[in-house]
Amino acid sequence: MSALFDRSVYQRAAELSEQGRAYAIATVVARQAPCAARVGQKAIVTNDGSFEGWVGGPGIEPVVRMEAREALKDGRPRLIVLAPRADSDRPDVIVYPMTSQCGGNVEVYLEPQLPASLLLLYGDSPVSRALAEMGEQAGYRVRLLDEPDSRERLEADIGDDATLYAVVATLGEWDMEAVEDALRAGALYVGLLASRRRSSELRSLLLAREWAEDELTPLVGPAGLDIGAREPAEIAISILAELIQRRGDINRARARRISAAGGSLTAES
């Protein structure tokens, strides 16, 4: 693989990361002649199946494309082996028959690259500003939205593959608009900085506006773990802790679904 071609793969990876898109890097880590692939050759596969780069001929690319998309679903790297005989006593690999006429064996390592989660903060308040600083330190991409229509201007920045979380700290000024916007955007957690009474009232209003109960599952109000927080920084800590807790619950539920489906380390999965 030429140095120029190698650079183009890395440049594309940098572009996708900047856009907040998920992708998998496929790298040839072993091969046996007469397979045309070479150790070190790379390709990038995105969620929509687009394939850029080279890891072998037509008998290899479709398998790499398929398994890369599976890796992006469960977030787990994997090693795939294409060989004339699709059998192996190695439990850590996924084996496929080599259908290409070139023969030989090739091993390709797939490494999913998932974008950093995006934390949307609705409303410019002391709690929002504290959350913005803490969220960035915790590895989130943070966007502060200070106007009702400000998220629309961020659509390209959000990216199609971003995992969204949101905190509504509009202090009653446009909290309904902010909550509905976050829910429509697909936020997995929508923390509402409000009293219990206001939180309950808002939920009732959403149901009256024909939101289904299961659609309101991400909505948490009042936001934050009950740790006796009083100051803006303390409240921000309690909300960030709750968000992390919710993210863990979601990931564990997802892992259970994957396990129930038989995992991903088989050619049939």
In sequence order, calculated HN-Hα J values of region 25-38 (Karplus, 6.51, -1.76, 1.60; Hz; x Gly/Pro): 9, 9, 10, 6, 10, 7, 7, 10, 4, x, 4, 6, 5, 10
Long-range HN-HN contacts of residue 192 with modeled amide H, under 5 Å: 168, 220, 221, 223
Estimated vicinal HN-Hα couplings, Hz - region 242-250 in sequence order (Karplus 6.51, -1.76, 1.60; Gly, Pro = x): 5, 4, 5, 4, 5, 4, x, 4, 5
Karplus (6.51, -1.76, 1.60) ³J(HN,Hα), θ = phi - 60°, over region 48-55, in Hz, Gly and Pro reported as x: 7, x, 5, 10, 10, x, 8, 9
DSSP-assigned coil residues among trypsin sites (Lys or Arg not before Pro) in region 170-247, each with at most 13 further Cβ atoms within 10 Å: 209, 230
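Where a number appears in this text, it was derived from the coordinates with a stated rule and is not lab data. Here the structure is a predicted model, which means the values were calculated and not measured. Every residue, glycine among them, receives a Cβ derived from its backbone with ideal geometry; neighbour counts consider all protein chains shown.
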